[in-house]
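The values are calculated or read from the model by the stated rules, or taken from the named source; none is laboratory data. This one's a predicted model, so the numbers in the text were calculated from it and none came from an experiment. FYI the Cβ positions are ideal-geometry reconstructions off the backbone, even for glycines, and counts take in every protein chain you see. We work out accessible area using only protein heavy atoms, side chains counted, and drop any ligands, DNA or RNA first. Shrake-Rupley method; radii C 1.70, N 1.55, O 1.52, S 1.80 Å.
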Amino acid sequence: MVTSALEPRAGARGSSILPSGLTLDHFHRVLDQGGFGRFLLNSALVGVGTVLLAGLLALLAAVAVARFRFRFRTAVLIMVLIVQMVPLEALVIPLFVQMRNLQMLNSLLGLTIVYLAFSLPFAIWMLRGFVAAVPREVEEAAYLDGCGWFRMFRSVLLPLVAPGLVATSVFSFIVAWNEFVFAFTFLQDEEKFTAAVGLHRFFGQHTNDWGAVMAGSTLITLPVLVFFVLAQRRLSHGLAAGAVKG
């Protein structure tokens, strides 16, 4: 992908791994003429919004189902699993009608809410396991030291479930960043296109601009790699390292 983006004749290159030359014309054309910078910004807004909302709501829901006993608790967990089984393609038309009735078509906020709905089930299920694995003795020790529930949640529970929160954030970000079908269906204004939809502009009816396609694909991939590199240390940490002193 990278070598094709740097290849002067990307559409006519052979099977060689290395490019025959180096050029940045494809990147210039994508960013200057294709308006790809605006598409990347739209994707970033949708992705960050999805990550923040999914992390907050999933963590609160995970604490509720892992720590509290309430009616229909098992039914809630089963529903979370069932939602994961529904094919996304089967929901395009119903969601389109729903978003049209709510007057949220062609809206980045509406698209963020859709991605939030698909990210939450996985995030809740994963974070539930992290919360359930935190020893109750840690919370009880915080209460004995005079902490209220909110301070215990912020200073004790949240740092311990941070690895799971980071993992779910990576998943939510990738879902929102790479998704194409819903964005292509719900967004009509070119100013609001996400990067995945903007990349589709370089595919023609009879020919494709492969240099621009590969340059745009490289630009789409880089933020995900940077996000993962920044978060990978948290992913490798133990769940409760240092929580309980021997």
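What to note about this one:
- Part-to-part distance (alpha-carbon centres) for segment 183-218 and segment 46-82, which is given in Å: 34 Å
- Ranked by the mean number of other Cβ atoms within 10 Å per residue, highest first, peptides 58-65, 153-160, 79-86 order as 58-65, 153-160, 79-86.
- The residues of segment 1-148 have, on average, 58 Å² of accessible surface per residue, using a 1.4 Å probe with all protein chains present.
- Within the accessible surface of segment 1-136, defined with a 1.4 Å probe on protein heavy atoms only, the carbon and sulfur portion equals 69 percent.
- In the chain, helical runs assigned H by DSSP with n ≥ 4 each contribute -39500 (n - 2.57); averaged across all residues and rounded to the nearest 500, the mean residue ellipticity at 222 nm is -20500 deg cm²/dmol.
- Its relative contact order, with pairs defined as Cα atoms under 8 Å and 6+ residues apart, puts the chain at 34 percent.
- Peptides 97-104, 188-195, ordered by how many other C-beta atoms sit within 10 Å of their residues on average, highest first, read 188-195, 97-104.
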